[in-house]
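Q: My questions all concern the structure below.
Values in this text are rule-based calculations from the coordinates and carry no lab data. A quick note: this is a predicted structure, and the numbers were derived from the prediction, not measured. Counting neighbours? That spans all protein chains shown, and the Cβs are built from the backbone with ideal geometry, glycine included.
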Amino acid sequence: MRRLRVVPVLAVMAVGLVLMTSCSSSKKSSDASTTTTAGAGVSVTTGAAGTTVNVTVSDTKGLDGPMTLTTDPKSAPAGTVTFVVKNTGTIDHEAVLLKLAAGQDPAKLEVATSGADIDKVSEDTNMGETGDPNVKPGETRTFTVTDLAAGNYILVCNIAKHYAMGMWAPFTVT
């Protein structure tokens, strides 16, 4: 009798393993998975699987207080980079990786003053992002960018007004 109970459990575990290993990502990945995690441990992995960068998006009082976006590490080698974005704030956030032009100052990106994208920066050089819906408080979302070339980038929360309130961090690919 015990053997019959173990076999279904093993079958479910095998199916789960197949599903987990069959996921893939692309250069401009919007493949994002949402999970809720308990710890804010830092893990940086480099090698054949690429580099993992931990991104923390946060605020203290929504639009009425300071906002931050931090990365650890602040750079990665060219190739596959996975961004693990955790929202430790009180409102929704996102993370968008943008390629900077040569000499472009990440603190001085142009912010739209009218139209549908008012109070946001252009996403014309979007390399990858957390996707829709926005990342809720307490959630963690992951996105992977493959074939990321050496250069200067910026990670921003591009919800209206968030970039202007300090939710950005420069990121370098070597």
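Q: Between Ser75 and Glu110, what is 0.36 nm times their sequence separation minus the Cα-Cα distance? Round to one decimal in nm.
A: Result: 10.2 nm gained on full extension.
Q: Quick one: putting +1 on the C-beta of Lys and Arg, -1 on the C-beta of Asp and Glu, what dipole do you get for region 35-174 around its Cα centre, in Debye to the nearest 20?
A: Result for region 35-174 is approximately 340 debye, rounded to the nearest 20.
Q: Can I ask one more? Could you calculate the FRET efficiency of Ile118 with Ala149 from 1/(1 + (r/R0)^6), where r is the beta carbon distance between them and R0 is 30 Å, rounded to 0.05?
A: The computed FRET efficiency comes out at 0.45.
Q: Something else now. On a straight-distance basis, which aspartates and glutamates could pair with Lys108 in a cross-link, Cα separation under 15 angstrom, same-chain partners fewer than 8 positions away excluded?
A: Asp119, Glu123
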